[in-house]
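A short write-up of the structure that comes next.
No lab work stands behind these numbers, since they all come straight from the coordinates. Only a predicted model underlies this, so the values are computations on that prediction, with no experimental measurement involved. Note that each Cβ is placed from the backbone with ideal geometry, even for glycine, and that neighbours are counted across all protein chains shown.
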Amino acid sequence: MAKINVLDKKVYNRIAAGEVVERPYSVIKELVENALDAGATEIDVTIEDGGKRLMRVSDNGCGIERDDMKNAFVAHATSKIKNVEDLDSILTLGFRGEALASIGSVSKASILSKTKDDEMGNLVTCNGGALGDVEIYPTDTGTTVLVEDLFYNTPARAKFLKPSKSEETDITNILTRLILAHSDIAFKYVADGKTVIQSYGGGLDEAIIEIYGYNTITECIHIDTVKNGMRISGYIGNNYFNKPNRTYQTVILNGRYVINNTIQTALHNAYKNYLMKRQYPFYVLNVEMSPETVDVNVHPNKTDVRFIDNQIVYGTLYSVVSNVLDGSAAALEIIKPNNYIPVDVGSKPIVPQKPITKEEIGEAHCSRPYVSGFNEELLSKTIWGENNAKKSEALSENLTKPLGFMDSVHDEEPKKEQSIDDIFAENKKYIAEMEAKKSAEAAEKIKQEELNVEAEFKVIGQVLATYLILERGEDVYFIDQHAAHERLLYDKFMAEYKNGAIDEQTMLLPYNFRVNESESEFIIGKFPELRKMGFDIAEYDVNEFSVYSVPVALFDIDLKSFFDDLLSDMSFKKETVPEIIHEKIAMKACKAAIKSGKILSDDEIQALLTAMKYDTTLRCPHGRPVTVKISRTEIDKWFKRIV
Ligand code: ADP
Ligand code: MG
């Protein structure tokens, strides 16, 4: 075996870079978190080519002193901790001092920064780990970090980058979360020269509207409550509002965006009765709890956290959210009026909500602020507090308009806390009871309904190897077996498609195709629509495209004919991507359905009727009827029993 070497620092940094700098989005996350740690109130993010070509994050934070400029790029150099005791009281988002060193070792990076006490700024570059000299450079107070040509010196890693559009999507997703988690900070995000998101730091409701649009917030319930020493607040989608994937779920724990299984599961279970397969709830949830009860130092990128007691966290979140969704009396204390422009203007004036005090959240929580710089301020901000002062005029004017929604509940005092043990036992019991009750009720209801319809019909059999005949009361039904099955499959595929549009299935080899110039322009114009429908498509050369993945439900469609169809309608521009997808799914259903002329066994007939739920009003995807009903009167007329 070879001799053991202590790795050269540069080599070590390149390897270690993999931990924090996996992909462009992780660079953006680190840079934005640095800006937040520096107390910035305005942060600009610019990317080109999915971040591969260029990423730039500018802030108006405290800046870096001239003497520290080089240190910023040195591994394990941080201004955020000095000794081991500090590790127990981390207030900042970063503290390992790894990010900039790692980034500088795998890209061409530079930092331009100025503190408020300095006249001029300073500039330092780090290309592939090689530090340059610090130069004087004019700039405003704050810091700009520029990262170009990521992984230019580690081609193996560059090869694993996704197409630019996919990298951009990941950047957008992480930025969205950071903006929601720091909704009092103004952000501007520009990708390839186009502004993707602009927010003004006006609070969570504004950030949600800026990111997801007004239509989303109107589908949400605003909650704010203190329970078991946790404050749970934010916006959660109503029972009928669901999304096709988890990117619409944001949990902010003590001011930090986190991904945590306990919280996700609690929320998912609370919504379970209202969701079908592949439907996911929408929520932007702030959870605040004493820093002693949570460990944020779990993973280098600090997105996961560990709780001292998972079950309390689970139980509290589950009961708060399911109370709200199930409309139980307890919800009255949890639901708060929405702050955004109301659609339905009622007659009652807004009763300003009593701010939730530090005492209610718990002394321990407030003895130490959780994010550097703005914590005390953040904690004292309440739904009706300072945030609103910053809102745009239109919004604040609207804030004074009456809401007429759950008005009476806000000045109620939150209930006195019970001991943690009581609550824990109570929650567990409550959850178990609720779950058992719900599933029993649902099962019973379905069984009853099925028994009822089934009992009404008498199955006579199959004729002409094509039609099923049924009798009910004074009517005889003829069912076209192919049309019925086609309809069922169509519904199934459509549901799979709708629920899983963004569940993309990556293809073994990308599907490549070439078109002429005007067709190319047309296809590029369809990119947003195609991507929305779950196609990962990119232009890989002039007039040449690659499809990397398709929606799962369309995995086996003929992509050539799909794009031919899309292009054949180019001149009319009337057929939309959804229409073509609709047509493809109908075709897939038609091909897969049982044919007319096939003799069915009794079991097969029964299975088909059960799947149809004996619904005699179905139509096939092309609009032809599935069932024809002939009444006794009509038959009697054939035989002249009646005239
Ligand atoms: P960490 O954030 O873990 O301390 P980084 O490598 O991300 O490590 O940053 C190193 C140091 O550079 C930080 O501790 C901080 O002092 C300084 N720094 C980085 N970005 C900024 C910024 N945007 N504004 C002010 N100081 C910064
Ligand atoms: Mg950092």
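Each residue of the range 61-68 is assigned a 3J(HN,Hα), and the resulting list reads x, 5, x, 10, 5, 3, 4, 9 Hz, derived from the Karplus form 6.51 cos²θ - 1.76 cosθ + 1.60 (θ = phi - 60°), x at Gly and Pro. Each of E444, E42, E504 has some number of other Cβ atoms within 10 Å of its Cβ, and from fewest to most they run E444, E42, E504.
Here is the P(r) of the range 174-308: all C-alpha pair distances, binned every 10 Å from 0, give 11, 41, 36, 11, 1 in whole percents. Taking the Cβ-Cβ separation of L332 and A455 as r and a Förster radius of 56 Å, what is the calculated FRET efficiency to the nearest 0.05? Calculated transfer efficiency: 0.85.
A simple spin-label model places the labels of L464 and M507 4.1 nm from each other, with each point 7 Å out along Cα-to-Cβ. When peptides 506-517, 175-186, 632-643 are ranked by their average number of other Cβ atoms within 10 Å per residue, the highest-first order is 175-186, 506-517, 632-643.
Please report, to one decimal in angstroms, the Kirkwood hydrodynamic radius of the range 46-199 built from all distinct Cα-Cα pairs. Walk me through the intermediate numbers first.
Working: mean 1/r = 0.0598 Å⁻¹.
Kirkwood radius, the range 46-199: 16.7 Å.
Please give the FRET efficiency for R619 paired with I136, using the beta carbon to beta carbon distance and R0 = 51 Å, rounded to the nearest 0.05.
Numbers: r = 76 Å, r/R0 = 1.48.
For R619 and I136, the calculated efficiency is 0.10.
Placing pseudo-labels 7 Å out from each Cα toward the beta carbon at A495 and I630 gives an inter-label distance of 3.3 nm. Among V251, V258, V463, sorting on how many other beta-carbon atoms sit within 10 Å of each Cβ, with the fewest leading, yields V463, V258, V251. I need the calculated FRET efficiency for the pair E579 and T195, taking r as the beta carbon distance and R₀ as 30 Å, to the nearest 0.05. With a Förster radius of 30 Å, E is 0.45.
Could you sort out which of K159/K526; K445/K613; K498/K591 sit more than 25 Å apart by Cα distance in this structure? Present the calculation step by step, with values, prior to reporting the outcome.
Values: K159/K526 27 Å; K445/K613 14 Å; K498/K591 20 Å.
Pairs exceeding the cut-off: K159/K526.
Full extension of the chain between E604 and K560 yields a length gain of 12.3 nm, computed as 0.36 nm times the residue separation minus the alpha carbon distance. Peptides 100-107, 120-127, ordered by how many other C-beta atoms sit within 10 Å of their residues on average, highest first, read 100-107, 120-127.
Exactly which trypsin sites (Lys or Arg not before Pro) in the range 236-311 are in a DSSP loop and have at most 15 other Cβ atoms within 10 Å?
Values: sites: R246, R256, K272, K277, R278, K302, R306; in loops: K277, R278, K302.
For trypsin sites (Lys or Arg not before Pro) across the range 236-311 that sit outside H, G, I, E and B with at most 15 neighbouring Cβ atoms in 10 Å, the list reads K277.
Taken one residue at a time, the phi angles of the range 631-643 give Karplus couplings (6.51, -1.76, 1.60, θ = phi - 60°) of 8, 4, 3, 4, 5, 4, 5, 3, 9, 6, 5, 10, 10 Hz. Gly and Pro are set to x.
Across all Cα pairs in the range 445-568, the calculated P(r) in 5 Å bins from zero up to the longest distance comes to 2, 9, 13, 15, 12, 9, 7, 7, 8, 7, 6, 3, 1, 0 percent per bin.
Using the Cα centre as the reference, give the magnitude of the dipole from point charges on the C-beta atoms of the range 482-570 (Lys, Arg: +1; Asp, Glu: -1; all else neutral), rounded to the nearest 20 debye. Let's see the in-between values first.
Values: 8 positive and 18 negative charges, 68 e Å.
The dipole of the range 482-570 has a size of about 320 debye.
Please report D603, D295, D44 as a ranked list, fewest other C-beta atoms within 10 angstrom at the top and most at the bottom. Please report the intermediate quantities before stating the final value.
Details: D603 8, D295 12, D44 19.
If I rank by nearby Cβ atoms, fewest first, I get D603, D295, D44.
Across the options H482, N452, Y540, the greatest Cα extent toward the positive end of the charge dipole of the range 442-550 (unit charges at beta carbon of Lys, Arg, Asp, Glu) belongs to N452. Highest mean first, the peptides 532-539, 108-115 sorted by other C-beta atoms within 10 Å per residue fall in the order 108-115, 532-539.
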